[in-house]
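Scroll down for the structure; my scribbles are underneath it.
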Amino acid sequence: MCVVIPYNITSTLVRRPLNTAVMQGSSVTLQCSSNHSSSAIQWYNSTCVTTTQIISQCTDDRIYSGSSLDNEVPPRFSVTEENNAAHVTRDLNINPVQLADAGVYLCAELRRGVAGVTDSSSAQLIVLGKQKTTLVNCFKNQLEKLRSNQVDF
């Protein structure tokens, strides 16, 4: 990913999303907070993050625009917003998590009066599927065959 950060702007993201693994059907929160009160925080999904596009070209992959969820984002997604004189927080919540939610999520900070992204951070979300009984039964059958020396290779 190519994000241009002006050299005279210091990093202000104080809470960054962390790589996370969760079970399908559970909930997850990816945190993002800036210590600059005039910041706007946006969230993007993996399509935008894994290419070399600049953020301004990734509007189709945006989840949260700084003030609201984008139109095509499923209702399972929400953003917890907190503003005060010291910081701006936009935590991305997914509940319930589905297998299709796995990927990279990017938190991008934009600041009023500064062109482009001033800071960004990404995290990998791994979604673990529930075991299928048929697969477990298949392994149990193979184990029984191994124990009785009847395995066909």
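This ranking places Glu81, Glu109 by how few other beta-carbon atoms lie within 10 Å of each, fewest first, which gives Glu81, Glu109. About its Cα centre, the dipole of the range 69-122 is roughly 100 debye, where the only charges are +1 on Lys and Arg Cβ and -1 on Asp and Glu Cβ.
By per-residue mean of other Cβ atoms within 10 Å, what is the highest-first order of 71-80, 89-98, 34-43?
Final packing ranking: 34-43, 89-98, 71-80.
Computed from the coordinates by the stated procedures, all read-outs in this text should not be read as laboratory data. The model shown is predicted, which means the values in this text are computed figures rather than measured ones. Ideal geometry is used to build each Cβ from the backbone, glycine not excepted, and the neighbour counts take in all protein chains shown.
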